[in-house]
Amino acid sequence: GVIEFSVEAIGQSGVVTRSRAEIRWTKDDDELARILLRVSEPAKTAGTALLIMDRKSDQPEFFLRLPEISRVKRVRSKRLRGPVLGTDFSFEDLQRMRGPLDRAKLELVGIADVDGRSAWLLESIPRPEDGSEYVRVLTYIDQQHCLPIQVDLYERGDRLRKRLRAPQDEIRRVGTAYLPYLLVMEDLRRGTRQVSRIQQFAPTAN
């Protein structure tokens, strides 16, 4: 499918930076995905692209192309914790968004209220071999839509580092599933925020 979306990045000083991009993804016969994110605006970053490729026997690989570099660069594992294209998302965050419930052993720890809606509260503790920047992850699953509507990411010292939210009034039905048309990522340590809004979604045949 193809998703076109806009992004508003709010910095520590309150300055807002706006951009637009699209995501294209396909799956092969083995259900391995290829996901391409490409920036279209503003002009100074247009052409920036990030490719995520699933591997059968290993973690996905990340490849980055910048307008000022004529070749594609593979992102090394030591940079997976760093921000992606200046956003509040790390490469690990992007991977977690693709499969928020499959990165570690999950435990149902209760039921919580999120904006007046009942949600299952799931906890996962990343393993040392995962190389995660987080020590604990809480995922809130909306009981009506069976969709993650909030993810709390804790760093060392069990401090809440980031929070990803999908507001209820921006969840829409697409075919037989539900899709959040608005995502808000807050980096509480840096005091920054990013608002991503889907402008158009077009599913395509394999």
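The values are calculated or read from the model by the stated rules, or taken from the named source; none is laboratory data. These numbers were taken from a predicted model, which means no experiment stands behind them. Cβ sites come from the backbone with ideal geometry, for glycine too, and all protein chains shown count toward neighbours. Quick note on the areas: whole protein, heavy atoms, side chains included, nothing else; ligands and nucleic acids left out. Shrake-Rupley method; radii C 1.70, N 1.55, O 1.52, S 1.80 Å.
For the range 41-53, a residue qualifies if it is exposed (fewer than 15 other Cβ atoms within 10 Å of the Cβ) and modelled with pLDDT of 90 or more, and exactly one does: Glu41.
Somewhere in the range 60-80, is a residue modelled with pLDDT of 85 or more and of a type in the set (Val, Ile, Thr)? Yes: one or more hits.
Taking the conditions (1) assigned to a strand (DSSP E or B); (2) farther than 25 Å from Gln12 by Cβ in turn, Leu153 satisfies each one other than (2).
Assess whether Ser124 counts as being polar (S, T, N, Q), surrounded by 13 or more Cβ atoms within 10 Å (Cβ to Cβ) and more than 30 Å from Val15 (Cα to Cα). Judged against the criteria, Ser124 is a match. For the range 167-174, check the following and say yes or no: at least one residue is in a helix (DSSP H, G or I), closer than 28 Å to Leu50 by Cα and open to solvent by less than 40 Å² (accessible area, probe 1.4 Å). Yes, because at least one residue in the range 167-174 is in a helix (DSSP H, G or I), closer than 28 Å to Leu50 by Cα and open to solvent by less than 40 Å² (accessible area, probe 1.4 Å).
From the list Gly131, Gly116, Gly157, Gly110, the one residue that fits, being at pLDDT 90 or above and farther than 21 Å from Leu188 by Cβ, is Gly110.
With respect to (1) farther than 30 Å from Gly175 by Cβ; (2) at pLDDT 90 or above, the lone exception for Asp152 is condition (1). For first residues located in the range 33-52 and more than 23 Å from Thr204 (Cα to Cα), partners that are at pLDDT 90 or above and surrounded by fewer than 19 Cβ atoms within 10 Å (Cβ to Cβ) and lie 6+ apart or on another chain with Cβ distances below 6 Å form the pairs Glu41/Arg20; Ala46/Ser40.
On the stretch given as the range 1-24, residues that are outside any strand (DSSP E or B) and in contact with a Lys or Arg (Cβ under 7 Å, 6 or more places away or on another chain) total 1.
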